[in-house]
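Here is the structure we will look at, set down as structure tokens.
The values are calculated or read from the model by the stated rules, or taken from the named source; none is laboratory data. Bear in mind the structure is a predicted one, so any value in this text is a computation, not a measurement. Cβ atoms come from the backbone with ideal geometry, glycine included; neighbour counts cover every protein chain shown.
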Amino acid sequence: MDCPRCKNPLSTTLHNEVNTVLEIDLCNNCGGIWFDKGELARIDKIIEPQFIEIRKIPRQRDQLEALHCPSCEDHPMMDKAEHPRDRKVILDYCETCKGIWLDKGELEAIQKENWLITVGNMFNWLING
Ligand SMILES: [Zn+2]
Ligand SMILES: [Zn+2]
């Protein structure tokens, strides 16, 4: 699987958080992280469900670079969603496989809170909303 942003091959890395070990795909070049649906489903099981408002924003292909899903075979264009409390945080997510791509700066921005719980909540919202 290659990085959707810089096309560098992603390396699989284990991440310890909240007494569980997650397998995430990390780009060593740009620092972006890919979460696939299975990994996010595991997050969902270990966190307290909590509603965080996130709104889906319209596709803004002129303003924001559109990325293609690194996981799906035909690499469909991913959609974007923004974090309500920090508008700099724009997540790319794939409607087809429900994977989520986080750029390095986005991860740092949500690390102020528990980023894993935040990502888990975002995932809940995206698939249920
Ligand atoms: Zn990259
Ligand atoms: Zn996909």
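Quick one: which of P84, P76 is surrounded by fewer than 17 Cβ atoms within 10 Å (Cβ to Cβ) and at pLDDT 85 or above?
Testing whether each residue is surrounded by fewer than 17 Cβ atoms within 10 Å (Cβ to Cβ) and at pLDDT 85 or above leaves just P76.
The conditions are (1) more than 16 Å from ligand 2 (Cβ to nearest atom); (2) within 16 Å of W101 (Cβ to Cβ); (3) surrounded by 13 or more Cβ atoms within 10 Å (Cβ to Cβ); (4) modelled with pLDDT under 85, and L26 fails exactly one of them. Which is it?
Failed condition: (4).
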